[in-house]
1. Scan the stretch 42-60 for residues that are open to solvent by less than 40 Å² (accessible area, probe 1.4 Å) and either of a type in the set (Phe, Trp, Tyr) or within 14 Å of residue 79 (Cβ to Cβ) (or both) and report the count.
2. Could you list all residues from the stretch 165-201 that are part of a loop (DSSP other than H, G, I, E, B) and touching a Pro at 6+ places or on another chain (Cβ under 9 Å)?
3. State the number of residues belonging to the stretch 130-139 that are open to solvent by 30 Å² or more (accessible area, probe 1.4 Å) and within 25 Å of residue 72 (Cβ to Cβ).
4. Could you please tell me which pairs satisfy a Cβ distance under 8 Å, a separation of 6+ or placement on different chains, a first residue in the stretch 106-117 that is assigned by the TED database to the domain that holds residue 146, and a second residue that is among the acidic types (Asp, Glu)?
5. Which residue is nearest to residue 143 (Cα to Cα), if the candidates are limited to the stretch 73-127 and must be crowded, with 16+ Cβ neighbours inside 10 Å and of a type in the set (S, T, N, Q)?
6. Based on what the data block shows, is residue 145 open to solvent by 50 Å² or more (accessible area, probe 1.4 Å), touching a helix residue (DSSP H, G or I) at 6+ places or on another chain (Cβ under 6 Å) and not assigned by the TED database to the domain that holds residue 228?
7. Would you confirm whether or not the stretch 155-178 contains a residue that is open to solvent by less than 60 Å² (accessible area, probe 1.4 Å), among the basic types (Lys, Arg) and touching a residue at least 12 places away in the same chain (Cβ under 8 Å)?
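The values are calculated or read from the model by the stated rules, or taken from the named source; none is laboratory data. Since the model is a prediction, treat every value here as computed from it, not as a measurement. Backbone-built Cβ (ideal geometry, glycine too); neighbour counts: all protein chains shown. Heads up: the accessible areas ignore ligands, DNA and RNA and are worked out on the full protein's heavy atoms, side chains in. Shrake-Rupley method; radii C 1.70, N 1.55, O 1.52, S 1.80 Å.
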Amino acid sequence: MASPAGCEHYVRSCLLKAPCCGKLYVCRLCHDAEENHQMDRFQVREVQCSDCHTLQQAQQTCQQCHVQFGEYYCDICHLFDKDKKQYHCQLCGICRIGPREKYFHCGKCNLCLATSLRGNHKCVENVSRQNCPVCMEDIHTSRVRAQVLPCGHLLHKTCFDDMIRTGAYRCPLCMHSAWNMEDHWEQMDKEIAQSPMPTEYQDATVKIICNDCQAHCMVPFHVLGMKCSSCGSYNTFLSKTSQSASSLFFVTGGS
């Protein structure tokens, strides 16, 4: 079930005795993958040394053979691992990968964020207590780093990278652009300038709503995209009235 090197999740030299079922596992993630219930890491009281197999109170060093169970140990989370500059955040309630000085806890988001985001992000109350909208897995306790979007919502970094690879650029929750799109909008300006609409449609206008600034605008219609006249974004969609009108317009071949 285990080796002195630990498991795919953590590098450690002990097994945790699950308080729920009494079985020995390298970590809570290994336990949860095998059992039909979840281990409460905070309730772990005993560990077994992987070297001498002595069952003992949870602690950093084996009381029998003195092997170190983990370079890092938290006696709250009962987390043993190699040193990754971890620190326990009392407000998050769990350990985070540091170093501590590069992160701060945002009280409204209720999450540790990079210091570069201090005063430079949009707060969403308790944002990490929601599941990732891409994979629907927990974000707050996940071992995968979170990606903070300009709108303030969170995705797993791996999910964000997968989203980019598919060509998606909107937040799955609010449809706001997921990163700075200015260069892409400039490229769309050039493409639209080089692809004029047919003469009979060049004066067609539609009402749009911008996902980025929420402005309502009347703008020229173009099959490649409609540019918000307020913020310059192409992350827009036709309003319901314009959807009906444009459908009629193109079915009948114009006015």
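1. Result for the stretch 42-60: 3.
2. Scanning the stretch 165-201 gives 171, 172, 173, 176, 178, 179, 180, 197.
3. Of the residues in that region, 2 qualify.
4. Note: pairs meeting the criteria are 108/125; 109/125; 110/125; 115/101.
5. If we take residues in the stretch 73-127 being crowded, with 16+ Cβ neighbours inside 10 Å and of a type in the set (S, T, N, Q), then 86 is nearest to residue 143 (Cα to Cα).
6. yes
7. Yes, that holds for at least one residue.
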